[in-house]
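The values are calculated or read from the model by the stated rules, or taken from the named source; none is laboratory data. All values derive from a computational prediction rather than experimental measurement. Backbone-built Cβ (ideal geometry, glycine too); neighbour counts: all protein chains shown. Keep in mind that these areas ignore ligands, DNA and RNA; they rest on the heavy atoms of the full protein, side chains included. Shrake-Rupley method; radii C 1.70, N 1.55, O 1.52, S 1.80 Å.
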Amino acid sequence: MPPTKNPDRQARVLLFSMLREEIGRSELIVDVETPISVRELLGRLSTSYPPIRKAGGSIRVAVNLEYVRGDHAVKAGDEVALITPVSGG
Amino acid sequence: MVEETTGTTWVRIQEGPLSVEEASKFLRVESAGAVNIFLGITRRWTRGRETVLLQYECYEAMALAEMVRLLEDASVRWPIERSCLLHRVGEVPAREISVIVGVSTAHRDAAYAASRFLIDELKTHVPIWKKERYADGESVWVEGSRPGNTTQT
């Protein structure tokens, strides 16, 4: 039986444009039982998803609608977004 | 469509054509002598290749928040009477408007400077992406700007 989802221990990671296309998902769910840094989260995701690893340092991370740095702590309930280089306008 | 407006600022993200007239009406207040409206439109030719349309995608909630922050930032730097950022998402065919940057100020120096600032910053930081569809059917994500200079690690 698969483990039940527990939103109290999870964060959502939103994907857009190229990442979304290459991975085939617009959202990933990550377990965040204890807060982890953005840096560590990216490390985990890079291991699981080659397109994220390939994008490397070009990814900026946003948490709850704001850009954050590598040492920012991600906790359960956060909305994380992987922002690849933008091209609006 | 999402939108946020104060008395003096207006941000909107929508599908479907943008209205320059609507932006102009919002900007033209009595205290302003200068109105600067910048239009970003879909260009048909790039390096010999024909573009049929640009397809825009956005992280809507954050794009809206970033655009609101941008207008607030500009209002601190320049004496702006009214300002607006209107962005279209979805398919934008050649010659159609993808973004309207509008600023009105008492005198034109500030209007020119603020307008330039707003479009430059929007193109650098706001989480919107475009894909270029060419006449031969191929679609390619446009190479963008990495927001900010701070490194992740």
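Assorted remarks:
- Angle between chain A longest axis and helix A:38-48 axis [Cα atoms, degrees, rounded to 10]: 90
- Å² of accessible area per residue within chain A, as computed with a 1.4 Å probe and no ligands counted: 53
- Net charge of Cβ neighbours under 13 Å - reference A:Val74; Lys, Arg +1; Asp, Glu -1: -1
- Restricting the range B:38-135 to trypsin sites (Lys or Arg not before Pro) in coil, as DSSP defines it, with at most 11 other Cβ within 10 Å: B:Arg43, B:Arg47, B:Arg95
- Protection-proxy order for peptides A:74-85, B:20-31, each taking the mean of Cβ atoms within 10 Å per residue, highest first: A:74-85, B:20-31
- Going from the isolated chain to the complete set of protein chains, the range A:57-89 loses at least 50 Å² of heavy-atom accessible area (1.4 Å probe) at A:Arg60, A:Leu65, A:Tyr67, A:Pro85, A:Val86, A:Ser87, A:Gly88, A:Gly89.
- In chain B, Cα pairs under 8 Å separated by at least six residues give a relative contact order of 31 percent.
- Over the protein assembly as shown, the reciprocal of the mean inverse Cα-Cα separation, the Kirkwood hydrodynamic radius, stands at 19.2 Å.
- Inter-chain Cβ neighbour average for residues B:137-143, partner chain, 10 Å: 2
- Distance from the alpha carbon centroid of the range B:121-148 to that of the range B:47-73 works out to 8 angstrom.
- B:Glu30 sits among other residues whose Cβ lies under 15 Å from its own Cβ, and their net charge, with Lys and Arg +1 and Asp and Glu -1, is +2.
- Shielding by partners, peptide A:12-18 (average Cβ within 10 angstrom, other chains): 4
- Taking a span of 20 Å or more along the helix axis (Cα atoms) and a mean Kyte-Doolittle hydropathy of at least -0.5 as the rule, the DSSP H helices of chain B that qualify are B:60-77, B:108-125.
- Straight-distance crosslink candidates among aspartates and glutamates, where the alpha carbon sits under 16 Å from A:Lys75 and sequence neighbours closer than 8 are dropped: A:Asp8, A:Asp31, A:Glu33, A:Glu40, A:Glu66
- Apolar share of the accessible surface for the range A:32-78: 50 percent from carbon plus sulfur atoms, 1.4 Å probe.
- Partner chain coverage, peptide B:56-66 - average Cβ within 10 angstrom: 5
- Ignoring aspartates and glutamates fewer than eight residues from B:Lys123 along the same chain, the ones with Cα atoms less than 12 angstrom from its Cα are B:Glu66, B:Glu143.
- Residues whose amide H lies under 5 Å from that of A:Val32, counting only those 5 or more places away or on a different chain, are A:Gln10, A:Ala11; hydrogens are built 1.01 Å from N in the peptide plane.
- Summed over both chains, the contact between A and B buries some 2600 Å² of accessible surface at a probe radius of 1.4 Å.
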